[in-house]
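First comes the structure, then the notes that go with it.
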Amino acid sequence: MSESDLQASDDLQTPHVCEGGNLDCGSGLLLLIRRAVTQLPEGEILEIRSTEIGVKEDLPAWCRMTKNPYLGWREGENHHKYFIQKGSDDKKTGEYDEHARNYRWQTRIHWKGGMQAKVFCRNHSWMVGQPASFDVKDDAPSAVEYLLGAIGACLAMGFQIHASRNNIHIDELEISLSGQIDNIFVFLGVEQSGHSGFKEISGRVYVQSDADEKVLGQIWQETIVASPVVNTLTHGVRMNIDMTVV
């Protein structure tokens, strides 16, 4: 029997619980586990809850790497339960935390002429049109439309992640966003007053869920506060983009 198939006995219980919602090991669950493990005394057991069955395939490898013994998994009522024991060597968990803290997201953008550029990141690529277009149709979305899409997607994913960690099921979720550029003529180089970025972005989220509206509202506010894209737009970002002639 492989380690990923190891079943935890029903009498394995612990007061230490890490709520993972619908996260898997590749989407932030390991960060939550690492934080929870570091707060445990050596030898104590941590129960990790996640709706993702794939965790049982990935978690044992992380446990071997960090020397925190993997004790198996079992079905829960609304989620799967995974159990690990706090080991004596926490060096690797610290290294993983530093890796996440210092990680740099990367993209490569290639232009070959015309009014489109192609973006590459990891195993993905997509076309982007001119920064701002007023035409009814274009061959590719504009850069500012991608920006609005990035905000909405970040908030949508963040909301369901926060909801799932609170054992709240979301049936449907849709976000409508719009924004107004401060002065688009600055981008075109014909005016200097103002700036060419958004001066205002507004929208509304539509949620279908059996959960209490007040609870959903609180989760939504937590989602906005925690959103990487929203924080990027609302806080100053150091920009250091040089040019190399090739």
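The values are calculated or read from the model by the stated rules, or taken from the named source; none is laboratory data. It should be emphasised that the depicted structure is a prediction, and the values quoted were computed from it without experimental measurement. Cβ placement follows ideal geometry from the backbone for every residue including glycine, while neighbour counts extend to all protein chains displayed. What goes into the accessible areas is simple: the full protein's heavy atoms, side chains included, and nothing from ligands, DNA or RNA. Shrake-Rupley method; radii C 1.70, N 1.55, O 1.52, S 1.80 Å.
Residue 65 sits with roughly 90 Å² accessible to a 1.4 Å probe, with DNA, RNA and ligands left out of the calculation.
Measuring nothing but protein heavy atoms, the accessible surface of the chain at 1.4 Å probe radius is 51 percent carbon and sulfur.
Across region 28-42, coupling constants 3J(HN,Hα) worked out from phi with the 6.51/-1.76/1.60 Karplus curve, θ = phi - 60°, read x, 4, 4, 5, 5, 5, 4, 4, 5, 5, 5, 8, 8, x, 4 Hz, and Gly and Pro carry x. Compactness of the chain is given as radius of gyration and Dmax, 22.6, 73 Å, from Cα positions. Shown for the chain: lysine pairs separated by 8 or more places, or found on different chains, whose C-alpha atoms are under 25 Å apart, numbering 13. Rounded to the nearest 10 degrees, the angle from helix 143-165 to the longest Cα principal axis of the chain is 20 degrees.
When ranked by the protection proxy of mean other Cβ atoms within 10 Å per residue, highest first, what sequence do the peptides 199-211, 75-87 form?
Ranked by mean Cβ neighbours within 10 Å, highest first: 75-87, 199-211.
Taken as Cα centroids, region 1-62 and region 105-166 sit 33 Å apart, rounded to the nearest whole angstrom. Near the amide H of residue 23, within less than 5 Å, lie the amide hydrogens of 51, all on another chain or at least 5 residues away, with H placed in the peptide plane.
Pull out the extension gain between residue 202 and residue 187, defined as 0.36 nm times the separation in residues minus the alpha carbon to alpha carbon distance; nm, one decimal. 3.2 nm is the gain from fully extending residue 202 to residue 187. The mean accessible area for residues of the chain, using a 1.4 Å probe and ignoring ligands and nucleic acids, is 67 Å² per residue. Between residue 234 and residue 39, the modelled labels are 2.4 nm apart [label points 7 Å from Cα along Cα→Cβ].
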